[in-house]
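Participant: Structure incoming, see below.
The values are calculated or read from the model by the stated rules, or taken from the named source; none is laboratory data. It should be emphasised that the depicted structure is a prediction, and the values quoted were computed from it without experimental measurement. So basically every Cβ, Gly included, is an ideal-geometry build from the backbone, and we count neighbours across all protein chains shown.
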Amino acid sequence: MGAMMGAGVGLTIGFIFGSYSILRGGAGPRGALPTLSQYMLTSGATFGFFLSIGSVIRNDGEMPAHWEASQMHLRQTFVQSRQQGLAAMKARWELEKRRTD
């Protein structure tokens, strides 16, 4: 999905900048259409490549069940309620007092 979106954005940006470049500096020895298509394809491939990498890095899909189970096993809940948090905080204070004394 990221590659398709990047290609679409890249083609549009390539069309805009390629048209501006052709209007400003001329088409060059190859002509207007090949020059514009080169701008569009280069820009589309670049944007598509980077957005596909981004979509792989930031994958919104769920993890496989065995990975999720291992993550749940390793995850610890430090404070479940206010009372438990207060007790943990008091215990740390007591440890710090013992270390300084």
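Participant: Given the options Ala65, Ala87, name the one that is among the small types (Gly, Ala, Ser), surrounded by fewer than 14 Cβ atoms within 10 Å (Cβ to Cβ) and modelled with pLDDT under 85.
Facilitator: Ala65
Participant: Quick check: anything in the stretch 10-24 among the charged types (D, E, K, R), part of a helix (DSSP H, G or I) and surrounded by fewer than 16 Cβ atoms within 10 Å (Cβ to Cβ)?
Facilitator: yes
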